[in-house]
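Read-outs throughout are calculated quantities, based only on the coordinates presented, and are distinct from any laboratory measurement. These numbers were taken from a predicted model, which means no experiment stands behind them. Here the Cβ positions follow ideal geometry from the backbone for every residue, glycine too, while neighbour counts run over all protein chains shown.
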Amino acid sequence: MIEICTVGGFSEVGKNMTAIKVDDEVIICDMGFFLPEIIRLQDEEVVKEKFTKKNLIQYGAIPNDEVIKKWKDKVKAIVVTHCHLDHIGAIPYMAEQYKAPVIGTPYSIEVLKAILKDEKIRIKNKLKTLNSNAKVKISDKITIEFVNMTHSTPQTVMIAIHTPYGAIIYANDFKFDNHPVIGKKPNYKRLKEIGKKGVIALIADALYSDANMKTPSEKVARELLKDVLLGINNKDHLVIVTTFASQIARLKSIIEFGKKMNRKIIFLGRSLQKYVTAAENIKLVNFTKDVELVGFASQVRKKLKEIQKNPKKYLIVCTGNQGEPRAVLTRLALSELPYNFKPGDHVVFSCRVIPAPINIANRTMLEEKLKEKGIRIFRDIHSSGHAAREDLRDLIHLVKPKHVFPAHGDITKLTPMAELARELGYEIGKDVHLMRDGQFIKIE
């Protein structure tokens, strides 16, 4: 018997955590933050004491795993798809109560180690790496397989949980990128093979299932960046690019164009330092041969004073793409750091605004402050890391699941994928399941 508990990520965007029980053994997939609440707690200093599991659950910032309390001693592994905080951020606070290893790709585990070090947290769980397109036997009944996938960070995988009842595929998050800037394209062949053997359930990223399109490749974002950085006159001005720190492929493109601009490339911000260092530690990239990484506040201030002397020589990549109050770009816009913009300087947002009220408000404020300083703003120089409707159609055709579970959003995000499945012959309530956080379902 298979029983699934949608612990988190089915009533909101983020806080991803799904528990899958195979007879008397449980696999947990992902354990993430609800980032808008984490940002609010940090910015408003709501929590005066240190973050704990108890207070984070109380504020809705991490999944409430009290619903699977009875399964606690049955958990055999915590398995993660990729390194984004809405998928791994809660591990430091939640994992230790489960006597189970945390399994992820080398990059995901390296980032997790950096987070644990930053937060000065030690957990007893073993941190185990599993390469893309590899398997590990968990028990006589369960084998975990990582199927290579593409997303907006390296070494993302779909998790195939092989059981005597068939495979469960956990596809949260992904895109089908046939021209990735880093890494290999998705392993369609293996997905098709697993589909032929029998997939009992597909749990999939439905975030953009309402978009009638195929999500463009990262190669498209690269061309958009090229056009802005190399195609627009910026020779007498500072150029700043801000993007997600974990978007290593995007950073690779920015570095290449920065070199063509003949500028010194400086990365400013702790999270950029963390994600780039993790990628270098596992020999995924070697950015520091071309880039100066500046992470800590005192070093950032010192470097900005140096940049002020001749800004047109520099390309800055910095944190703050969502307008986070503590990030470098926001503090520059608020004149809290020792650098004075001059009219005509360029700020390139190589990202989209995450559609949560706090992000929208923060980004709006940031752009208004930049406009007051006469900055030229270039928005949405980006390609999403999430599958759109036609990618999801292709995934369902590839793996032919018996049951479909839309994930990664509230009901407004999940419903379009359920409707897509209905188009393909599934029936909502019978073999397409619109779940909410904390619900259970048995499937056969």
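Here is the P(r) of the stretch 218-378: all C-alpha pair distances, binned every 10 Å from 0, give 11, 43, 39, 7, 0 in whole percents.
When each of Phe405, Phe440, Phe287 is scored by the number of other beta-carbon atoms lying within 10 Å, the sequence from fewest to most is Phe440, Phe287, Phe405. Put +1 on the Cβ of each Lys and Arg and -1 on the Cβ of each Asp and Glu in the chain; which of Gly14, Ile38, Asn131 then has its Cα farthest toward the positive end of the dipole? Going by the charge dipole, the pick is Asn131. Here the simple spin-label model places points 7 Å from the Cα toward Cβ, and for Gln299 and Glu372 these points are separated by 3.1 nm.
Summing +1 for each Lys or Arg and -1 for each Asp or Glu among the other residues whose beta-carbon sits under 15 angstrom from that of Lys305 gives +4. Inter-part distance, the stretch 278-292 to the stretch 394-444, computed on C-alpha centroids, equals 40 Å.
Do the sum for the chain: with -39,500 (n - 2.57) for every DSSP H run of n ≥ 4, divided by all residues, what is the mean residue ellipticity at 222 nm, to the nearest 500 deg cm²/dmol? Please report the intermediate quantities before stating the final value.
Values: 14 runs with 145 residues, N = 444.
About -9500 deg cm²/dmol.
Out of every Cα-Cα pair that the chain contains, those further apart than 36 angstrom amount to 26 percent. As a proxy for reagent exposure, Cys83, Cys318, Cys5 were ordered by neighbouring Cβ count within 10 angstrom, fewest first; the result is Cys5, Cys318, Cys83.
Ranked by Cβ crowding within 10 angstrom, fewest neighbours first, how are Asp73, Asp437 ordered?
Details: Asp73 11, Asp437 19.
Fewest-to-most Cβ neighbours within 10 Å comes out as Asp73, Asp437.
When +1 charges are put on Lys and Arg Cβ atoms and -1 charges on Asp and Glu Cβ atoms, the dipole computed for the stretch 218-378 relative to its Cα centre reaches about 400 debye. Global dimensions of the stretch 214-263 from alpha-carbon coordinates: Rg and Dmax equal 11.4, 39 Å.
As an exercise, find the ratio Rg/Rh for the stretch 373-426 from alpha-carbon atoms, using the Kirkwood inverse-distance average for Rh. List each step's numbers first, then the result.
Working: Rg = 16.3 Å, Rh = 13.4 Å.
Ratio of gyration radius to Kirkwood radius: 1.22.
Evaluated on the stretch 138-256, the Kirkwood hydrodynamic radius is 16.6 Å, with distances taken between all distinct Cα atoms. Extension gain for Asn286-Lys219 works out to 22.1 nm (0.36 nm per residue, less the C-alpha to C-alpha distance).
About its Cα centre, how strong a charge dipole does the chain have in debye, to the nearest 20, once Lys and Arg get +1 and Asp and Glu get -1 at the Cβ?
Numbers: 72 positive and 52 negative charges, 334 e Å.
Dipole of the chain, to the nearest 20 debye: 1600 debye.
Just flag the trypsin sites (Lys or Arg not before Pro) in the stretch 194-258 sitting in loop per DSSP whose Cβ has no more than 13 other Cβ atoms within 10 Å. In loop regions of the stretch 194-258 (DSSP not H, G, I, E or B), the sparsely surrounded trypsin sites (Lys or Arg not before Pro) are Lys235.
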